[in-house]
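> Okay, here's the structure, questions in a sec.
The values are calculated or read from the model by the stated rules, or taken from the named source; none is laboratory data. For clarity, every value in this text was computed on a predicted model and none was experimentally measured. Cβ sites come from the backbone with ideal geometry, for glycine too, and all protein chains shown count toward neighbours.
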């Protein structure tokens, strides 16, 4: 028996019947394949074959190595056959074990896929229901028929074996080789001279004996007392508050005393058993209570004398029995008196992690799973078709031992490397008999013009207007001013950009469209002369107005059907009013609202021209994209007229329009918006410290970006080098600028030279530093959004891994503590050395010479601004933000990454490999034109991806 | 706000007039037939505050004789109306069922749904640190709202109010789910929320005639939008159709709301609360904004515009500086790095105090409104919680704070410290209990079923 299980609990069970469970068992070898492959072949002291626990057909399974191997594989094969048996079977409801083709639940249950997340997680368990095989026999038997019931041969076991194995747990290894350490020691001479890295243990059972569910140290959940016979319970939690020698006080408040036995359903293997003991009777002294603990029939702890060993009463004593072998699926523990009642306060059962678990802990965050799922660009998948060093197991083992995990090569050596290499070869696609998988290349964000051929582009999902753009759009249409979007829902994100393509509009947002349309309509009535083409209050004028402004709102002429529908409502509302003058206005108001709530206004509906997988946008759609990208608003009449005439076709025509549009003030707004969103710059909150400074710093940020782009016609380099700013009295104080302005500017913001060592480049200005206010966040931004690198997601227990620290440590040293674990540090080397160099700037962007004082260190700490680039084209060490930005400015990776972000912003989605040619051309063309930011923008509108549409994803 | 003669403007309507919070007392009692008939309607109000609480929120003695922790002094006077819970966990995390990054974006969607949280946004980089996480279940407020709206006897003009106090627009707000995978953003603009709740009673355009005309115009606009959506739907690719369908569904919901208002001439109109202007330091503005939102929720309840509301204070990982409590750093920084230093513990307790004072305001406000059988508080269940705790470490997923006030019409025993430390329960069970208190006793599991056991023992009256 085993307790680890992976099944999907079937709280909603659809009718399921499996014909297959009735057959195929007569010749089954038992589930007990524990005549361990490794132990019996390498270890002379190996036990004789054990007695199978459940079955009477043991003879075929026990004696030979080959028999045990084929036996366990036979279990799996039988399970697979059962699972997929002809007719109605497990797949009918559950689909494939990975959840594909599962039956959608008819009721509240969305699915009953067996390995549906999170149940597919290896080692996930649901102890309350017992083991998977038991569960199947208990709950599925009504569907299987009477042949797959508890105690009836191996139906449940076989299915469980198959499911475990499919889920990536090496079933045979678990059944056979139970002691990886001993396996390693017997084979290490042949494999590697490297010392074994420390072993990791996983907890498979934890019982708070005599007590209730409780949290142990290290986030181990102890279950309430169970699986015992005999003994009685004491609980001193009311009277005792502190137990010496432990952090797990709560476990020691209770005990089971008297002679007792525990029988835990586990599975065959080798385990360490840890016991927590305490003497709760204060009158007891050394010798008062002495007892033995037998495990699997052998006395493993003899003459336990807690007071003597712990040094007193109410002091914790922890004893660990290592390498207990279980061969009958159950762990049996007997507490026997020697001089007085035995006692126990907790029992914890651990085993060395399985290879799959080891792989998950050390490798999976970069390399993904056996079929390449969740792989990252850091290292790619380890399937045969992608991995260049994996083909030879020995080579792979040496590679792992010598270089892996990333930046922690000593963390998996010797038997660890061997186990993982073995695991990869047994489990991963393309090795041995495992079916191969082909995975696409990752997108090269710099693109590649060698891939160019017929126009190609990725699918654009339907895009809804962003609240960031709405005000500009209605201002362009109706010459109204005001902030109408205060109650709008948050825009969705594409990368760092607020672009609404990923999900449907929230109902509350749709309501807002109507409410705001009414507000705008009332405002638009006040500005009628500015946008209506005529002044008489007639039906004909209203229609003319609708057609004129409607063409801009819908980015194309209205159809007759649209005009007729809208004008009908105009007439109805007009005639319902007190008089025709009021009625005209109300009718216009309804027309305005109808335009602003129409999907043709709120969504970018694109169909393209002609048929095929990739089609050119219609002329009107292209005009709309140009205006959305370069102005973040609606096309003007010039663009719409050109579209009507079909004059947005050639590169020259489009380039001419882009050039014209970039001279419009709205282009400045778009460029500023791009940089604010890319750098995650947020507006300061009213009422915060230094609010006026921060507002002025935002003005500087916007103006500097604009000046670099338009006045200087600078490139991305200038963003990291620009050493002037537009400052007022507040920002002069913030940036410690004295002396005269270089140039007078508008609204009290003059142009000044800044200290190039402290404030050159946008990354050294307050808006970026305040919005990205910690070394981690700054480092992540640099890695992911300036270098377009990848940082795998932190492991689930990331926060728990952080050790308690004291304030006597330098913040950087403190932080370094939690990056010593290979599971954490391999990723942190990618971001921390890019974030800490900014530590001369506090979370509001003020310069500081030292880290602030703490209670322990009143003088504060020195700031260590040493940094390091890794996995870039400018690798190497540097000091501080200035050198960091200089390196960025010299990096081709950064140039391509910057252009990539413009591409996202322009096209409104992430790029895929279908955009490789376009990206390559953007980089090539922009460079050829001189590489300014304006060149980049113009290059993008000429690209295939900008001008085409894929008709289906 | 202009003063209106409600009675004249809305002569056909019954009027509930309550005053804004600034004027405490005089109350013109209810003319509303339903309220006069018997028990007031049951309401559910969820309040979330970010970044967990301090240890000063935990009482010292279990049961009815509990003694409030140091940060909860402001709530002493409401002791008999309040319950405090301990031993409630995000159990799915604890049992290792739920291998999701322990980050704010992943935790917030789990809070009110107790369901599996995963990256639901296919366009996000799988490994992006800012990836948007979504829940695969509905949140408790939405579940209850949908139940109430499905029944003519409990249906209201608005399905729910979801107010956000300075809630950010980044990836941290995902908390309320009307269906799996689709989070809602709260209404963060007090004026907008005001018109959403009280528009029917806003007589600024003058009288019933104006109201009738506005309704007629709205109907024209909604009918046009519906026609256009149906027309556009025909040219969309299949993958995009769902978005337009959802848009259409939302328009239909508005149409139903309009129909409700057109037909419900015996409904309620009420004096909207007066919004206070924000001024002062960041946390003062935060307070004023929050009070505006609470005023509107309470008044929305009083007018029976809805029976379910959620109030989201800011969002997880926010950096609001509580300078009125003498704090100099943002809230988030007090929950990271060496968090059990005395300075950080003290800071968290001061912030907890601050939120307790706001909770006090809310309770007082509800108590000031008499309803059949007592006050509005008696007919309401308020649940206050946070997306993580700071109990044993950063982002702790155990001992999630839960504080309730009110009894949902006597369904809940109040005045207790319920300590489940030795019988730990998943937070879904809190919502099962809430559902039972609201009358939906068929809901016996909430969220991930393995870690939901049912009603919390001893809490229901």
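> Select from region B:232-257 the residues that are more than 7 Å from chain A (Cβ to nearest Cβ) and in contact with a helix residue (DSSP H, G or I) (Cβ under 7 Å, 6 or more places away or on another chain) and write down the one among them that is farthest from residue A:585 (Cα to Cα).
Here the answer is B:241.
> So which of A:912, A:932, A:866, A:891 ends up being farther than 21 Å from residue A:678 by Cα and either out of contact with any helix residue (DSSP H, G or I) (no Cβ under 6 Å at 6 or more places or on another chain) or at pLDDT below 95 (or both)? First the steps, then the outcome.
Numbers: A:912 fails: farther than 21 Å from residue A:678 by Cα; A:932 fails: farther than 21 Å from residue A:678 by Cα; A:891 fails: farther than 21 Å from residue A:678 by Cα.
Of A:912, A:932, A:866, A:891, the one residue that is farther than 21 Å from residue A:678 by Cα and either out of contact with any helix residue (DSSP H, G or I) (no Cβ under 6 Å at 6 or more places or on another chain) or at pLDDT below 95 (or both) is A:866.
Quick grid of which residues meet (1) assigned by TED's automatic domain parsing to the domain that holds residue A:794; (2) farther than 28 Å from residue A:444 by Cβ; (3) at pLDDT below 90; (4) surrounded by fewer than 20 Cβ atoms within 10 Å (Cβ to Cβ):
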position: A:346; (1), (2), (3), (4): no, yes, no, no
position: A:382; (1), (2), (3), (4): no, no, no, no
position: A:390; (1), (2), (3), (4): no, no, no, no
position: A:410; (1), (2), (3), (4): no, yes, yes, yes
position: A:418; (1), (2), (3), (4): no, yes, no, no
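> Please work out which one of (1) buried (at least 16 other Cβ atoms within 10 Å of the Cβ); (2) more than 11 Å from chain B (Cβ to nearest Cβ); (3) over 23 Å from residue A:628 (Cα atoms) is the condition residue A:615 fails and give its number.
Going through (1) buried (at least 16 other Cβ atoms within 10 Å of the Cβ); (2) more than 11 Å from chain B (Cβ to nearest Cβ); (3) over 23 Å from residue A:628 (Cα atoms) one by one, residue A:615 breaks only (3).
> Then there's this: From B:227, B:182, B:216, grab the single residue that is at the interface with chain A (Cβ under 9 Å from one of its Cβ atoms) and at pLDDT 90 or above.
Of B:227, B:182, B:216, the one residue that is at the interface with chain A (Cβ under 9 Å from one of its Cβ atoms) and at pLDDT 90 or above is B:227.
> Taking helices (runs of 4 or more DSSP H) that fall entirely within region A:461-551, which contain at least 1 residues that are within 14 Å of chain B (Cβ to nearest Cβ), in contact (Cβ under 8 Å) with a residue 60 or more places away in the chain and surrounded by fewer than 22 Cβ atoms within 10 Å (Cβ to Cβ)?
On the way: elements: A:467-478, A:507-526, A:528-531.
Helices (runs of 4 or more DSSP H) meeting the threshold: A:467-478, A:507-526.
> In region B:436-458, what count of residues is obtained for those that are within 14 Å of chain A (Cβ to nearest Cβ), in a loop (DSSP other than H, G, I, E, B) and without any contact (Cβ under 8 Å) to a residue 40 or more places away in the chain? So that I can check it myself, show each step before the final result.
The initial filter retains those residues of region B:436-458 that are within 14 Å of chain A (Cβ to nearest Cβ), namely B:440, B:442-454, B:457.
Still in the running and in a loop (DSSP other than H, G, I, E, B): B:440, B:442-448, B:452-454, B:457.
If we keep only those that are without any contact (Cβ under 8 Å) to a residue 40 or more places away in the chain as well, we get B:442, B:444-445, B:453-454, B:457.
The number of residues fulfilling the criteria is 6.
> Right, something else. Of the numbered conditions (1) buried (at least 22 other Cβ atoms within 10 Å of the Cβ); (2) modelled with pLDDT of 95 or more, residue B:357 fails exactly one; give the number of that condition.
Going through (1) buried (at least 22 other Cβ atoms within 10 Å of the Cβ); (2) modelled with pLDDT of 95 or more one by one, residue B:357 breaks only (1).
> For region B:301-332: of the residues being surrounded by fewer than 20 Cβ atoms within 10 Å (Cβ to Cβ) and out of contact with any strand residue (DSSP E or B) (no Cβ under 8 Å at 6 or more places or on another chain), which is modelled with the lowest pLDDT?
Filtering region B:301-332 for residues that are surrounded by fewer than 20 Cβ atoms within 10 Å (Cβ to Cβ) and out of contact with any strand residue (DSSP E or B) (no Cβ under 8 Å at 6 or more places or on another chain), the one modelled with the lowest pLDDT comes out as B:332.
> Go through A:721, A:713 for me and flag whichever is away from chain B (no Cβ under 14 Å), touching a residue at least 12 places away in the same chain (Cβ under 8 Å), at positive phi and out of contact with any strand residue (DSSP E or B) (no Cβ under 8 Å at 6 or more places or on another chain).
Step by step, each of A:721, A:713 is checked, and only A:713 is away from chain B (no Cβ under 14 Å), touching a residue at least 12 places away in the same chain (Cβ under 8 Å), at positive phi and out of contact with any strand residue (DSSP E or B) (no Cβ under 8 Å at 6 or more places or on another chain).
> Sticking with this structure for a sec: Listed residues A:589, A:577; which is at the interface with chain B (Cβ under 9 Å from one of its Cβ atoms), in contact (Cβ under 8 Å) with a residue 24 or more places away in the chain and surrounded by fewer than 24 Cβ atoms within 10 Å (Cβ to Cβ)?
Going through A:589, A:577 in turn, just one is at the interface with chain B (Cβ under 9 Å from one of its Cβ atoms), in contact (Cβ under 8 Å) with a residue 24 or more places away in the chain and surrounded by fewer than 24 Cβ atoms within 10 Å (Cβ to Cβ): A:589.
> Here is a follow-up. Sort through B:202, B:208, B:152 and tell me the only one that's more than 7 Å from chain A (Cβ to nearest Cβ), over 30 Å from residue B:109 (Cβ atoms) and at pLDDT 80 or above.
B:152
> More than 10 Å from chain B (Cβ to nearest Cβ) and in contact with a strand residue (DSSP E or B) (Cβ under 8 Å, 6 or more places away or on another chain): does that describe residue A:450?
So residue A:450 fails the test.
> Take residue A:479 and tell me if it is modelled with pLDDT of 95 or more and touching a helix residue (DSSP H, G or I) at 6+ places or on another chain (Cβ under 6 Å). If you could, list the steps in order and put the result at the bottom.
Working: modelled with pLDDT of 95 or more: yes; touching a helix residue (DSSP H, G or I) at 6+ places or on another chain (Cβ under 6 Å): yes.
Considered against the rule, which asks whether it is modelled with pLDDT of 95 or more and touching a helix residue (DSSP H, G or I) at 6+ places or on another chain (Cβ under 6 Å), residue A:479 comes out as yes.
> Looking at region A:679-697, which of the residues that are in contact (Cβ under 8 Å) with a residue 60 or more places away in the chain and buried (at least 21 other Cβ atoms within 10 Å of the Cβ) is nearest to residue B:170 (Cα to Cα)?
Top of the filtered list is A:681.
> Continuing with this model, one more query. (1) buried (at least 20 other Cβ atoms within 10 Å of the Cβ); (2) away from chain A (no Cβ under 12 Å): which one isn't true of residue B:261, the others all being true?
(1)
> Looking at B:339, B:400, B:383, B:363 in this structure, which one is at pLDDT 95 or above and either within 12 Å of chain A (Cβ to nearest Cβ) or part of a loop (DSSP other than H, G, I, E, B) (or both)? Walk me through how you get there before you give the answer.
Working: B:339 fails: at pLDDT 95 or above; B:383 fails: either within 12 Å of chain A (Cβ to nearest Cβ) or part of a loop (DSSP other than H, G, I, E, B) (or both); B:363 fails: either within 12 Å of chain A (Cβ to nearest Cβ) or part of a loop (DSSP other than H, G, I, E, B) (or both).
Of B:339, B:400, B:383, B:363, the one residue that is at pLDDT 95 or above and either within 12 Å of chain A (Cβ to nearest Cβ) or part of a loop (DSSP other than H, G, I, E, B) (or both) is B:400.
> On the basis of being on the phi < 0 side of the Ramachandran plot and either in a loop (DSSP other than H, G, I, E, B) or buried (at least 21 other Cβ atoms within 10 Å of the Cβ) (or both), does residue A:274 make the cut?
no
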